[in-house]
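The values are calculated or read from the model by the stated rules, or taken from the named source; none is laboratory data. Computed from a predicted model, the values in this text were never measured in an experiment. Every residue, glycine as well, gets a Cβ built from its backbone with ideal geometry; the counts of neighbours run over all protein chains shown.
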Amino acid sequence: MPEYKLKINGEVRKVNVHQDMPLLWVLRDSLGLIGSKYGCGIGLCGACTVHVDGLATRSCMLPVADMVDAEIKTIEGLANGTVLHPVQKAWVEKDVAQCGYCQAGQIMSAVALLEDNPNPSEKDIDLAMEGNYCRCGTYNRIREAIQIAAAEIMSSETLDITAVEYWEPGRSIDE
Amino acid sequence: MNSQFVEEVAREIGNVQLSRRKLLCLGGIAGAGLVLAAASPSSLANELGTLVGSGELNAFVRLSSDGTITIYSARPDMGQGVKTSLPMIVAEEMGAKWSDVVVLQSGVGERYGPQWAGGSMSVASSYDYMREVGASAREMLISAASEFLELPRSQFSVSNSEVIHSSGKRLSFAELAARAARQAVPDPSSLTFKDKSDYTIIGTSISGVDNLEIVTGSALFGIDTHVPDMLYAAYYKCPAIGGKALEANLDDIKRLPGIVDAFIVKGDGNVRQLLSGVAVVGDSTWAVFEAEKKLKIKWDKANASRDSWTQLVQTAKKLSDSEGGSVIYRKGDVTKVFGDNANKVIEGSYSYSFVAHLCLEPMNCTASYRVGSRGEKDSIEIWVPTQSPSSIAPAIQQMYGVDEDQIVVNVTRVGGGFGRRFTSEFVFEAVEISKHMGCPIKLTWTREDDIQHDYFRAGGFQSLKGAVDKKGKLIAWDQHFIGMGNNGKPTSGSRFSRNEFPLLHLSNTRGTSTLIEIDTPCGPWRAPGANTHAFVVQSFIHELAHLSGRDHLEFLLEIFDQRSRKISGKGRSINNARATSVTKLVAEKAGWGRNFQNGRGLGLAFHYSHAGHIAEVAEVSVDAQKKITVHKVTVAVDVGPIINTSGALAQVEGSVMDGLSALIGQRITMEGGQIEQSNLHDYPVLRISAAPKVDVHFIESDNPSTGLGEPALPPLAPAVGNAIFAATGKRIRNMPLITEGYSI
């Protein structure tokens with residue numbers, strides 16, 4: 001079987017798997033990254049959502065051979081060290097999960113949405129999240145958590161801008 | 001790795017009450033000061049007292065010297081939140097600070113009391129037990145403090161993980177841990193409980209104990225199980241349920257990439273245990289799923305199901321024109337009332353389809369069958385997401401002759417239950433495959449296997465006839481239930497009981513039941529029975545209210561008042577006062593009586609089930625293309641005092657979505673015994689854009705707290721159906737609505 005070098009969560013991981021094996025099963029069975037879930041196998045439930053080059057993508061139908069040059073991010077790579085991503089934090093604060101099985105996929109879709117659109121309307125949220133099925137029906141909390149996370153991201157960016165205001169003329173930006 | 005990660009993350013986000021949470025391995029705690037404090041229901045007190053002395057890990061509460069309070073959750077958590085709510089009761093009674101608490105899933109054993117999860121029974125049946133567990137731990141801590149300071153027990157109280165002496169001297173649970181373990185377990189009859197007004201944990205909003213693991217992708221569901229030297233397995237059964245595998249292209253399959261073995265399993269013919277099929281074993285889930293698609297199998301269908309939905313509809317049509325089979329309840333004289341020209345009479349025929357559970361985590365089980373060598377006994381270890389942990393070992397023992405004490409069952413987090421995971425055929429299949437292979441295997445069902453071999457919510461048909469008198473009062477009710485049966489008995493969820501509202505409430509009622517024999521397996525599906533009865537009954541009551549020309553709310557409240565016999569609020573049956581309260585409250589909160597134009601309306605429904613009294617109002621629009629928008633659902637709930645507000649709200653919100661999803665589009669049909677649907681492309685489910693706002697109001701009546709996993713679902717369908725009538729004048733009598741041209 002061919003060897004593939006995959007860029008996952010900032011690390012290069014080598015796997016020897018069949019070329020047709022979808023990324024989902026490489027992650028789960030070969031690499032032990034079990035956060036991404038199998039739900040339908042045909043790209044309709046969203047439980048397997050990961051980021052491929054920054055885009056929310058269903059990993060259950062994505063052959064590993066197509067992933068060679070891609071930057072892959074999974075739920076396991078979302079927190080920055082021990083600091084949760086604002087979306088993860090909002091998910092805990094809003095107590096979004098019921099059974100929790102779909103939530104890794106929901107969170108990955110939500111993060112991709114906010115990277116693309118930092119201030120989404122409810123309609124934007126619905127459009128972006130339509131492909132992520134939640135059997136337990138946590139949709140309203142998902143909407144609220146995304147808005148909370150959006151507000152936090154916006155306010156932290158505002159903070160950065162404030163920091164720039166203290167930048168003194170004549171000083172190098174690199175300092 | 002995960003535990004350390006989670007611990008570190010927890011520290012970072014201390015502001016969400018998770019700072020002290022740690023994952024602790026059973027027996028993995030080093031150092032002194034371990035405490036094993038235990039309490040139990042009265043019947044187990046003596047046994048547990050002994051076990052505490054011997055130090056076995058069989059208790060619900062454990063303290064460690066670093067201040068961590070470990071509380072074991074004995075019931076599986078499938079999203080209903082008991083892994084958070086039941087330990088909240090324990091923590092409350094023992095005086096623990098919630099941020100010190102770590103909750104772990106317990107093992108399986110008699111000492112934990114009932115461990116199944118379903119029927120909205122976990123809170124109702126464990127509340128008193130959990131209170132005793134907590135109170136007992138508290139008393140042991142007080143005894144330890146009393147012994148240490150040589151002061152009378154009566155001078156101590158407990159709060160915030162500390163035992164406090166009246167002088168102000170405080171001892172932390174951590175300091176008392178070792179000494180508390182040596183105290184005698186109190187007699188349960190001596191225990192006293194906190195006054196509700198002193199509660200600091202019960203009645204608050206607490207984020208689920210597994211949330212940090214869930215959002216970081218480290219929560220372990222059954223499907224995530226990995227054990228050393230494990231292989232992966234798929235199991236394919238006859239599409240016509242119950243067929244036997246005669247021969248298959250096993251040699252071709254074994255040559256496929258990643259496949260280790262493929263073989264026919266004869267099975268025992270029991271649909272709830274081990275049906276015949278073909279097992280495929282390989283080095284990845286994908287390899288065995290792909291191989292399963294390439295199987296060519298010759299089936300013996302002599303004993304397979306031949307059920308046909310088309311045929312069922314035709315049979316039901318004939319039956320509905322005739323008198324009902326068996327009379328389950330009769331009072332007064334409905335025929336006489338219907339024959340009186342002074343009364344107004346209407347009839348209505350209702351139907352509802354079979355429905356699949358579609359737990360998002362498909363059925364799966366990891367099993368390791370170890371053949372004993374040199375005189376050792378055979379042993380089996382199982383890892384499984386299940387609603388019924390205690391039933392597994394005895395059933396496996398019976399089939400394989402392995403001693404029960406050689407069978408270990410590990411309960412994982414459960415990716416949805418809804419009643420599906422009461423049966424354990426995937427456990428039998430996994431054990432069988434592991435035994436054949438001589439190594440551990442993880443069996444995962446494909447989504448297609450999962451839908452086609454479900455235990456379905458039974459479809460059914462009902463014909464009703466009702467009468468209102470000159471004053472517009474409901475005076476007669478005749479209900480013919482046509483349900484599904486197997487071997488002459490109603491299938492699960494297809495029973496018509498005399499307790500079904502409003503049979504006992506009116507003076508002239510008749511309920512009759514006819515069963516159509518089927519082989520398609522049926523099982524409990526969230527609020528079994530209630531999820532279809534509520535639709536039929538509460539829709540037909542609205543039809544009668546409309547016939548009478550009266551307001552639906554007033555008409556419904558009048559029915560509650562008609563029942564003369566008073567029932568104590570403590571019993572598990574409908575209570576008229578509670579029914580009236582929630583119905584009035586929901587009407588008030590939803591702005592009942594508002595008039596709309598342009599295809600918009602309000603619909604009301606009440607239903608009592610699983611000890612919960614719940615009323616709902618749906619606000620719905622329907623456009624010219626029959627596209628439905630459910631704007632908002634207002635819900636009034638009386639299940640007694642709420643333990644975890646966030647969890648309780650979540651169950652109501654989820655029940656509304658689940659009820660709406662089933663009402664709009666979910667439909668299982670079968671022909672030639674084979675289920676016609678197989679995955680989400682032909683089994684539409686509710687997506688986020690169709691999710692209504694849900695506005696929930698609790699009446700925390702002075703009744704025992706009961707469960708909320710199910711009872712908020714049944715009123716949804718009739719509330720929406722009645723709203724569609726209000727909006728359009730078109731009556732909804734058949735579920736799902738897509739069969740009538742509606743969409744959402």
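For this structure, a couple of remarks:
- Residues in the range B:599-638 that are assigned to a loop (DSSP other than H, G, I, E, B), in contact with an Asp or Glu (Cβ under 9 Å, 6 or more places away or on another chain) and of a type outside the set (D, E, K, R): 2 in all.
- Test: residue in the range B:106-117 that is under 18 Å from B:R131 (Cβ atoms) and within 14 Å of chain A (Cβ to nearest Cβ): no
- Number of the exception - B:S689 against (1) in contact (Cβ under 8 Å) with a residue 24 or more places away in the chain; (2) surrounded by fewer than 19 Cβ atoms within 10 Å (Cβ to Cβ); (3) of a type in the set (S, T, N, Q): (1)
- Selection count, the range A:74-84, where residues are surrounded by fewer than 21 Cβ atoms within 10 Å (Cβ to Cβ) and either touching a residue at least 12 places away in the same chain (Cβ under 8 Å) or within 21 Å of A:G137 (Cα to Cα) (or both): 1
- The listed residues are B:S655, B:S678, B:S646, and the only one of them that is among the polar types (S, T, N, Q), part of a loop (DSSP other than H, G, I, E, B) and within 12 Å of chain A (Cβ to nearest Cβ) turns out to be B:S678.
- Test: residue in the range B:374-386 that is more than 14 Å from chain A (Cβ to nearest Cβ), in contact (Cβ under 8 Å) with a residue 60 or more places away in the chain, out of contact with any Pro (no Cβ under 7 Å at 6 or more places or on another chain) and over 24 Å from B:E429 (Cα atoms): no
- Taken over the range B:266-299, the criterion of being away from chain A (no Cβ under 14 Å) and closer than 17 Å to B:C439 by Cα is satisfied by B:A279, B:V280.
- Pairs linking a residue in the range B:342-358 that is touching a residue at least 60 places away in the same chain (Cβ under 8 Å) and within 30 Å of B:T423 (Cα to Cα) to a residue that is surrounded by fewer than 17 Cβ atoms within 10 Å (Cβ to Cβ) and among the charged types (D, E, K, R), with Cβ atoms under 6 Å and 6 or more positions apart or on different chains, do not occur.
- The set of residues in the range A:10-22 that are among the hydrophobic types (A, V, I, L, M, F, W, C) and at the interface with chain B (Cβ under 10 Å from one of its Cβ atoms) comprises A:V17, A:M21.
- Residue in the range B:566-581 that is farther than 22 Å from B:K473 by Cα, in contact with a His (Cβ under 9 Å, 6 or more places away or on another chain) and not aliphatic (A, V, I, L, M) present: yes
- Within the set B:L312, B:L319, B:L274, the sole residue that is surrounded by 16 or more Cβ atoms within 10 Å (Cβ to Cβ), within 30 Å of B:N486 (Cα to Cα) and modelled with pLDDT under 95 turns out to be B:L319.
- Residue list for the range B:724-736, restricted to those being farther than 13 Å from B:I664 by Cβ and either among the β-branched types (V, I, T) or not in a loop (DSSP other than H, G, I, E, B) (or both): B:F725, B:A726, B:A727, B:T728
- With respect to (1) of a type in the set (V, I, T); (2) over 18 Å from B:G267 (Cβ atoms); (3) within 14 Å of another protein chain (Cβ to nearest Cβ), the lone exception for B:I407 is condition (3).
- Scanning the range B:558-576 for residues that are in a helix (DSSP H, G or I) and either at pLDDT below 95 or crowded, with 18+ Cβ neighbours inside 10 Å (or both) yields B:I559, B:F560, B:D561, B:Q562, B:N576.
- Meets criteria (more than 13 Å from chain A (Cβ to nearest Cβ), in a helix (DSSP H, G or I) and surrounded by fewer than 21 Cβ atoms within 10 Å (Cβ to Cβ)) for B:S390: yes
- The number of residues in the range A:39-69 that are more than 7 Å from chain B (Cβ to nearest Cβ), part of a loop (DSSP other than H, G, I, E, B) and buried (at least 20 other Cβ atoms within 10 Å of the Cβ) comes to 3.
- Considering residues of the range A:1-15 that are at pLDDT 95 or above and aliphatic (A, V, I, L, M) only, the residue nearest to the chain's Cα centre (by Cα): A:I8
- Residue in the range B:699-712 that is crowded, with 24+ Cβ neighbours inside 10 Å, within 14 Å of chain A (Cβ to nearest Cβ) and part of a helix (DSSP H, G or I) present: no
- Taking the listed residues B:F540, B:F560, B:F596, B:F535, the one that is within 23 Å of B:G709 (Cα to Cα), of a type in the set (F, W, Y) and touching a residue at least 12 places away in the same chain (Cβ under 8 Å) is B:F535, with no other qualifying.
- Looking only at the range B:66-82, and only at residues there that are in contact with an Asp or Glu (Cβ under 8 Å, 6 or more places away or on another chain) and surrounded by fewer than 24 Cβ atoms within 10 Å (Cβ to Cβ), the one that is modelled with the lowest pLDDT: B:G67
- Taken over the range B:512-523, the criterion of being buried (at least 23 other Cβ atoms within 10 Å of the Cβ) and of a type outside the set (A, V, I, L, M) is satisfied by B:T520, B:C522.
- Lone qualifier among B:I392, B:I433, B:I451 - being at pLDDT 95 or above, more than 23 Å from the chain's Cα centre (by Cα) and on the phi < 0 side of the Ramachandran plot: B:I433
- Failed condition for B:D268, given (1) within 28 Å of B:V411 (Cβ to Cβ); (2) part of a strand (DSSP E or B): (2)
- Taking the numbered list (1) touching a Gly at 6+ places or on another chain (Cβ under 7 Å); (2) touching a residue at least 40 places away in the same chain (Cβ under 8 Å) in turn, B:G672 passes all entries but (1).
- For B:E619, the requirement of being modelled with pLDDT of 95 or more, touching a strand residue (DSSP E or B) at 6+ places or on another chain (Cβ under 6 Å), crowded, with 24+ Cβ neighbours inside 10 Å and facing chain A (nearest Cβ under 9 Å) is not met.
- Search result, residues across the range B:203-245 that are closer than 26 Å to A:V26 by Cα, surrounded by fewer than 23 Cβ atoms within 10 Å (Cβ to Cβ), under 23 Å from the mean Cα position of the chain (by Cα) and more than 8 Å from every other protein chain (Cβ to nearest Cβ): B:T225
- Residue-level analysis places B:G372 outside the set of residues that are under 13 Å from B:K465 (Cα atoms), modelled with pLDDT under 95 and in a loop (DSSP other than H, G, I, E, B).
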